[in-house]
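My questions will all concern the structure given below.
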């Protein structure tokens, strides 16, 4: 019984957490107070904050200049870490955060569950083929996240900035020159080289009244809900354990920011264990990089898009069995790009077209003028 309970706790604790840089809107006015949210959990809910001493790099890049983010620009509320900054001059901007590596020990069952739930299919298949599913794991992990946002109307080349992270998504096209229904090519680098045959997931959170270009949908069908949303029950919280990640990642134990509510949230973990075993973080498009490390994301909907990957490999480093580097990239897509207003312009969709109304009005005035003159 104790072994069963321990296994269930491991599933709860070791379910991994992605990290994302998120914004309420990715279209900003120049030189205005702005904010980026650092989520550690799912794309829809952050489970814990990230300490500044975990960040190897935190940068803003725009108009050809890299700006180091000062420690006092960060703040926390609930489980979200906030970056407060001035939006700066018009242009296409990039923000990035790269974390230090940490180690975690996992029992075989917990490790296999993590591989399944986070879609690390290649390593899971390797373990199956090598008959090593029963082997425990010691994994070194780190996370490297980016976001691209547009300030004002001016488009600049900063969107393809290389921040030099161990693993990094670099678009080959400016996301803010793309529209819903088009494709966006993105290149994945590992240690500065294209990473081929890497599994990548791309998904979105629908903007309110966003337009869909999915096959089967009518043109410009309005949607107000995300198609692949994680429900509240899907979110994973993590209790403080001696072998957990400090303030981050799979188990996310936090020495300085302990969240006691997590214990209450997982008091029914045993009852819901079957659901948790089937839960995955692999919604959306499942893509593989080609020989040049490139994927093509089909931008089917208006909304906030995110791509994510976990590059997990075997490690020969003493005391380790595996090393993982996590990467995410976020940006926003609309069917019409207007950085200042971003509203839908449906020109006289209902009723008489404007030019017919004007011509008709002129004709009526002319007829009336002729009639009155004739009476005189």
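The values are calculated or read from the model by the stated rules, or taken from the named source; none is laboratory data. What you see is a predicted model, and the numbers here were worked out from it, not measured in a lab. Note: ideal-geometry Cβ built from the backbone for every residue, glycine included; neighbour counts use all protein chains shown.
Give the residue, chosen from 314, 301, that is at pLDDT below 95 and in contact with a strand residue (DSSP E or B) (Cβ under 7 Å, 6 or more places away or on another chain).
Being at pLDDT below 95 and in contact with a strand residue (DSSP E or B) (Cβ under 7 Å, 6 or more places away or on another chain) holds for just one of 314, 301, which is 301.
Do we have residue 343 as surrounded by 21 or more Cβ atoms within 10 Å (Cβ to Cβ), more than 18 Å from residue 119 (Cα to Cα) and either modelled with pLDDT under 50 or touching a helix residue (DSSP H, G or I) at 6+ places or on another chain (Cβ under 8 Å) (or both) here?
Considered against the rule, which asks whether it is surrounded by 21 or more Cβ atoms within 10 Å (Cβ to Cβ), more than 18 Å from residue 119 (Cα to Cα) and either modelled with pLDDT under 50 or touching a helix residue (DSSP H, G or I) at 6+ places or on another chain (Cβ under 8 Å) (or both), residue 343 comes out as no.
Sticking with this structure for a sec: Can you tell me how many residues in segment 297-316 are crowded, with 16+ Cβ neighbours inside 10 Å, over 16 Å from the mean Cα position of the chain (by Cα) and outside any loop (DSSP other than H, G, I, E, B)?
So the answer is 2.
When only residues in segment 66-96 that are closer than 19 Å to residue 158 by Cβ and touching a helix residue (DSSP H, G or I) at 6+ places or on another chain (Cβ under 9 Å) count, which is surrounded by the fewest Cβ atoms within 10 Å (Cβ to Cβ)?
Filtering first and then ranking leaves 85.
Among the residues of segment 52-65, which ones are surrounded by fewer than 19 Cβ atoms within 10 Å (Cβ to Cβ) and over 18 Å from residue 327 (Cβ atoms)?
If the condition is that a residue be surrounded by fewer than 19 Cβ atoms within 10 Å (Cβ to Cβ) and over 18 Å from residue 327 (Cβ atoms), then 52, 53, 63, 64, 65 are the ones that fit.
Taking segment 182-200 as the search range and keeping residues that are more than 20 Å from the chain's Cα centre (by Cα) and outside any strand (DSSP E or B), which one is nearest to residue 287 (Cα to Cα)?
197
OK, next. Suppose we keep only residues that are within 23 Å of residue 204 (Cα to Cα) and loosely packed, with under 15 Cβ neighbours inside 10 Å within segment 317-340. Which one would you say is modelled with the highest pLDDT?
Result: 336.
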